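Q: I am attaching a structure below and will ask some questions about it afterwards.
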Number of protein chains: 2
Amino acid sequence: MTNVQGTVNNGVNVAALLGAREALTATPEGAKFKWRASHKWVNGTHSRSTVSGFFGLGAEQKHKREWTFDADHPEIFASEDDGITPVEFLLVGLASCLTAGIAAVAQNRGIQLRSVQATVEGGMDIQGILGIDSDVRNGFDGITVRYKIDADATPEEIKAIVAQSQKRSAVYDAITNPTNVTVEVNEARA
Amino acid sequence: MTNVQGTVNNGVNVAALLGAREALTATPEGAKFKWRASHKWVNGTHSRSTVSGFFGLGAEQKHKREWTFDADHPEIFASEDDGITPVEFLLVGLASCLTAGIAAVAQNRGIQLRSVQATVEGGMDIQGILGIDSDVRNGFDGITVRYKIDADATPEEIKAIVAQSQKRSAVYDAITNPTNVTVEVNEARA
């Protein structure tokens with residue numbers, strides 16, 4: 001089904017991805033990744049996270065550069081708004097994951113993308129986090145991603161690319177299905 | 001249970017939060033928020049998301065400034081590594097949410113924080129996203145957050161603060177429980 005036409009270039013090296021799939025099928029231990037962030041409180045609801053290294057292909061890996069992310073609550077919650085809210089990071093991760101998949105699947109199907117844009121919106125009733133109503137969940141009551149895609153393909157082909165990206169998206173899975181989270185307090189000084 | 005001692009200052013305005021809770025109990029419609037990101041593909045697996053406005057308290061709201069986030073895949077996946085991976089954004093959001101809650105709960109309990117640090121690690125077997133083994137999920141096989149907290153409190157009090165933050169965390173809920181995600185392709189030009 002691979003159709004990497006010479007004239008189609010979405011910037012994704014599908015041959016390398018297919019090679020990785022073949023290599024990791026032979027050595028599945030290399031497929032075990034660990035993604036990481038280090039994190040510290042700044043003041044109030046403001047915190048800063050740093051992403052630089054991860055583990056994969058059996059070894060420690062480094063991003064080309066270190067990235068830093070400020071999170072805070074907005075001024076309407078009497079905070080300083082020195083960063084985006086924690087929940088907005090999930091919307092960024094979701095759109096990014098689906099779009100990377102769209103580019104890869106389109107390349108694999110020999111379809112040239114011209115532009116991909118999206119808006120992501122997550123609804124949240126903050127009666128949950130404020131403890132007003134225990135029947136209201138803390139997280140999103142739902143998220144909608146709306147794509148506008150311009151490509152050398154029929155609307156049906158484009159929709160099929162998006163559907164395939166959803167099917168293989170790590171973030172789509174992490175948000176739509178439960179993930180176990182363990183929170184440890186390893187050092188607590190008085 | 002409110003104990004906002006004059007000597008304790010974690011930078012969280014608990015009085016304002018309690019006021020908001022009271023106000024939104026009377027007018028629950030104002031508690032309905034919509035968080036948003038706009039998003040566009042750059043090239044390959046590289047995309048850029050922008051966060052600036054949201055809806056809440058019955059009106060459109062703006063962050064103090066617009067924030068831009070680059071996401072990409074790393075070089076070991078034959079990508080350019082021009083941003084962190086989509087899944088790492090989830091780790092940033094999770095730590096940020098829990099830490100904002102820790103600061104707020106500590107303030108409400110009259111406990112001075114001196115430092116809060118954490119590492120976040122999410123395991124992932126990429127046999128899932130590569131389509132090698134359909135029994136392997138695409139997302140994280142689990143996430144661990146490890147806190148080191150220095151505060152004017154006993155280890156038990158500190159652990160209780162962290163537990164309460166988990167209980168009210170929007171991102172912890174969004175990751176540990178299923179969230180419905182709808183993906184629409186509103187415009188697909190050939």
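Only the coordinates and a few stated rules stand behind these numbers; no lab work does. These figures come from a predicted structure and were not determined experimentally. Quick reminder, even Gly has a Cβ in these numbers, built from the backbone with ideal geometry, and neighbours come from all protein chains shown.
Q: Starting at 0 and stepping by 10 Å, how many percent of the alpha carbon pairs of region A:62-146 end up in each bin?
A: 14, 31, 32, 16, 6, 0
Q: Also: 5 Å is the cut-off here: which amide hydrogens, built 1.01 Å from N in the peptide plane, fall below it relative to A:Val185, excluding neighbours closer than 5 in sequence?
A: For A:Val185, the qualifying residues are B:Tyr147.
Q: Can I ask one more? If you average 1/r across every pair of different Cα atoms in region B:96-161 and take the reciprocal, what Kirkwood value do you get, in Å?
A: On the way: mean 1/r = 0.0713 Å⁻¹.
Evaluated over region B:96-161, this radius sits at 14.0 Å.
Q: Using the 10 angstrom Cβ neighbour count as an exposure proxy, how do B:Asp141, A:Asp81, B:Asp173 rank, fewest first?
A: Ordered by Cβ neighbours within 10 Å, fewest first: B:Asp141, A:Asp81, B:Asp173.
Q: In degrees from 0 to 90, rounded to the nearest 10, what is the angle of the helix A:155-167 Cα long axis to the longest principal axis of chain A?
A: Helix A:155-167 sits at roughly 50 degrees to that axis.
Q: When the gyration tensor of region A:1-145 is built from Cα positions, what are the square roots of 5 times its three eigenvalues, in whole Å, from largest to smallest?
A: 36, 21, 15
Q: Distance between the C-alpha centers of region B:13-52 and region A:128-190? Whole Å please.
A: 15 Å
Q: Using a Förster radius of 22 Å, what is the FRET efficiency between B:Thr144 and B:Ser115 based on their Cβ-Cβ separation? Nearest 0.05, please.
A: 0.65
Q: Quick check for me: using +1 on Lys/Arg Cβ and -1 on Asp/Glu Cβ, what's the dipole size of chain B about its Cα centre, in debye to the nearest 20?
A: Working: 18 positive and 23 negative charges, 194 e Å.
Charge dipole of chain B: 940 debye, to the nearest 20.
Q: Taking every pair of alpha-carbon atoms in the protein assembly as shown, give the share separated by more than 31 Å as a whole percent.
A: In whole percent, the share of Cα-Cα pairs in the protein assembly as shown beyond 31 Å is 35.
Q: Pairs of Cα atoms under 8 Å, at least six residues apart: use those to get the relative contact order of region A:1-152, whole percent.
A: 20 percent
Q: Relative to the longest principal axis of chain B, what angle (0 to 90°, nearest 10) does the C-alpha long axis of helix B:86-108 take?
A: Value to nearest ten degrees: 0.
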